[in-house]
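What follows is a single structure, written as structure tokens, with notes after it.
The values are calculated or read from the model by the stated rules, or taken from the named source; none is laboratory data. Nothing here was measured: the structure is a model prediction, and the numbers come from that model. Backbone-built Cβ (ideal geometry, glycine too); neighbour counts: all protein chains shown. Side chains included, ligands, DNA and RNA excluded: accessible areas come from the protein's heavy atoms. Shrake-Rupley method; radii C 1.70, N 1.55, O 1.52, S 1.80 Å.
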Amino acid sequence: MSISETDKQYVANTYARFPLELVRGEGCRAYDAEGKSYIDMGSGIGVNAFGYADEVWQQAVAAQLGTLQHTSNLYYTEPCAQLAQLLCQRTGMKKVFFGNSGAEANECAIKVARKWAADNKGPEYNVIVTLENSFHGRTLTTLSATGQDHYHELFQPLTPGFAHVPANDADALRACLEANKVAGVLIETIQGEGGVLPMEPEYVKAVEALCREFDCLFMVDEVQTGNGRTGKLYSYMNFDVTPDVVSTAKGLGGGLPIGACLIGQRAETVLGFGDHGSTFGGNPVCCAGALSILSRIDDDLLTQVCQKAVYLRERFGGAPGIEGISGMGLMMGLKTTRPAGEVVAECMQEGVMCLTAKDKVRLLPPLTISQADLAEAADVILRVAAC
Ligand SMILES: *Cc1c(COP(=O)(O)O)cnc(C)c1O
């Protein structure tokens, strides 16, 4: 049996995979068994922030792998402590809980909000407000947080205590905060899976102000937007706001599974012994990989992300077959005249891997992609979109 046949027979059929078997990667290119190369404009959905087989990252991971691969959270390890310290130093947050995915980072954020509200306001303040068209993960509780009905249908009953309001509508949020006993508000600054839809800057400021007014936690889901993706270390930094809780994952580990929930001063002491846990959370190998990534997302790299974003916008702006561009930094959505799925499938045949998000072609290239690869990928996307 071929790899794809074996996969179809034995792996749960939850993914509509492309007819492509990848065997290795280097820099911003992945290769199939025949040696055909593909420029990766998706980074494994925003995960491979430094591309494939980055040498510095590999060395950090390999060194940790040969030293101590796992201990459980009964013991202290250096990579976990150092990563938490660096995350706090770079954000001003006070405490970090490590999990293994974006969904787990959001689960932690939701638990923090509920416990914070129970401690400070009373257990009846348990509602979490999220936005319509949001995406927060696939566990039952993060599905409940996700504001898209079609994800909910097959899995009733969901976790209670979630309310969804339309994005970019501060009046709707105010009405929701008046009508419910709310523990926290959780938003993406740019809805990723929802179609690369950025929030208006005034709205993000209004969400923060309303959370202060109604004394609930302001929480930002940076699973996709975080770790340099938008040209700032975390996307909230583009909006001049200070969240109480930030969740992140995808790009943080450079390809290894890690999620983090960053907790600010207001909720710093909420989690105590036994309140939350994860067997693999803070795994030293994943943390060593993440340290290698996070410590290199510096001002120089962030400037380059912004420059690459300007370049892509210049290439795509007003081009035939491109009707609109959305997003920030190297998180970009292209509204194409042709159906996005068709564009992505043809780009793949032409050696460029892209993603979709709703009706958009979504681009999340490695932050370190070279100018030459970026230009070549843009050529292909423009050619396919114009057909
Ligand atoms: C991908 C994503 C998640 C879920 O992350 P997983 O690692 O798949 O659990 C949550 N929130 C946002 C904004 C995401 O983009």
message = Could you give the length gained by full extension between ASP119 and ILE3, i.e. 0.36 nm per residue of separation minus their alpha carbon distance, to one decimal place?
response = 36.5 nm
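The range 80-161: which trypsin sites (Lys or Arg not before Pro) are DSSP loop and have at most 12 other beta-carbon atoms within 10 angstrom? Walk me through the intermediate numbers first.
On the way: sites: ARG90, LYS94, LYS95, LYS111, ARG114, LYS115, LYS121, ARG138; in loops: LYS94, LYS121, ARG138.
Qualifying residues, ordered by number: none.
Any chance you could run the full-extension gain for GLU314 through GLU213? It's 0.36 nm times the residue separation minus the Cα-Cα distance, nm to one decimal. Don't skip to the end; give the middle numbers.
Details: separation 101, 0.36 × 101 = 36.36 nm, distance 4.10 nm.
My answer for the length gained is 32.3 nm.
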request  = For the range 1-80, state which trypsin sites (Lys or Arg not before Pro) are in a DSSP loop and have at most 13 other beta carbons lying within 10 Å of their beta carbon.
outcome  = ARG17, LYS36
note = In the chain the accessible area split gives carbon plus sulfur, as whole percent at 1.4 Å, a share of 54 percent
ask   = Among PHE239, PHE18, what's the order by accessible area (1.4 angstrom probe), most exposed first?
value = PHE18, PHE239
note = With a ≥ b ≥ c from the Cα gyration tensor eigenvalues, square-rooted, and the rule rounded for a/c under 1.5, otherwise prolate when a/b > b/c and oblate otherwise, the range 135-250 is oblate
query = Could you give the distance between the Cα centres of the range 308-387 and the range 108-123, to the whole Å?
reply = 41 Å
ask   = If R0 is 35 Å, what FRET efficiency do you get for GLN307 and GLU55 from their C-beta distance, rounded to 0.05?
value = 0.90
note = Length-normalised contact order of the range 1-104, Cα under 8 Å, at least 6 apart, in percent, tallies to 13 percent
note = Once TYR75 and GLN371 are pulled to full extension, the length gained, defined as 0.36 nm per residue separation minus their Cα-Cα distance, is 102.1 nm
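Below 8 Å, C-alpha to C-alpha, sequence gap of six or more: please give me the relative contact order for the chain in percent.
23 percent
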remark   = Once the in-chain neighbours fewer than 8 apart are removed, the lysines whose Cα is under 16 Å from LYS360 read LYS335
ask   = Efficiency by 1/(1 + (r/R0)^6): what FRET value for ALA16 and ASP275, r their Cβ-Cβ distance, R0 = 56 Å, to the nearest 0.05?
value = 0.90
note = As straight-line cross-link partners of LYS181, the qualifying aspartates and glutamates (C-alpha separation under 16 Å, not fewer than 8 residues apart within one chain) are ASP119, GLU124, GLU213, ASP215
request  = Please return the longest stretch of the chain lacking exposed loop sites, where GluC sites (Glu not before Pro) count only if DSSP places them in a loop and at most 12 other Cβ atoms lie within 10 Å.
outcome  = 125-387
key: Listed residues CYS80, CYS287 arranged by accessible area, highest first, probe 1.4 Å   = CYS80, CYS287
remark   = The Cα extents of the chain along the principal axes, largest first and rounded to whole Å, are 60, 51, 46
query = When we measure straight from the Cα of LYS250, which aspartates and glutamates land under 17 angstrom away, once same-chain ones fewer than 8 places off are left out?
reply = ASP40, ASP54, GLU104, GLU107, GLU188, GLU193, ASP221, GLU222
query = With the chain treated as a Gaussian network of Cα nodes joined by springs under 10 Å, which of ASP54, ASP244, ASP299 yields the largest mean-square fluctuation?
reply = ASP299
remark   = The ³J(HN,Hα) series, computed from each phi in the range 237-248 with the Karplus coefficients 6.51, -1.76 and 1.60 at θ = phi - 60°, rounded to the nearest Hz and given as x for glycine or proline, is 5, 6, 10, 6, 10, 10, x, 7, 9, 10, 9, 8
request  = Could you tell me how many degrees, from 0 to 90 and to the nearest 10, lie between the Cα long axis of helix 170-179 and the main elongation axis, the longest principal axis, of the Cα atoms of the chain?
outcome  = 40 degrees
ask   = Does the range 165-308 come out rounded, prolate or oblate, given a ≥ b ≥ c as the square roots of the eigenvalues of its C-alpha gyration tensor, rounded meaning a/c under 1.5 and, failing that, prolate meaning a/b above b/c?
value = oblate
inquiry  = Just to be sure I understand the model, the point goes 7 Å from the Cα along the line to the Cβ. What's the resulting ARG338 to THR139 distance in nm?
reply    = 4.1 nm
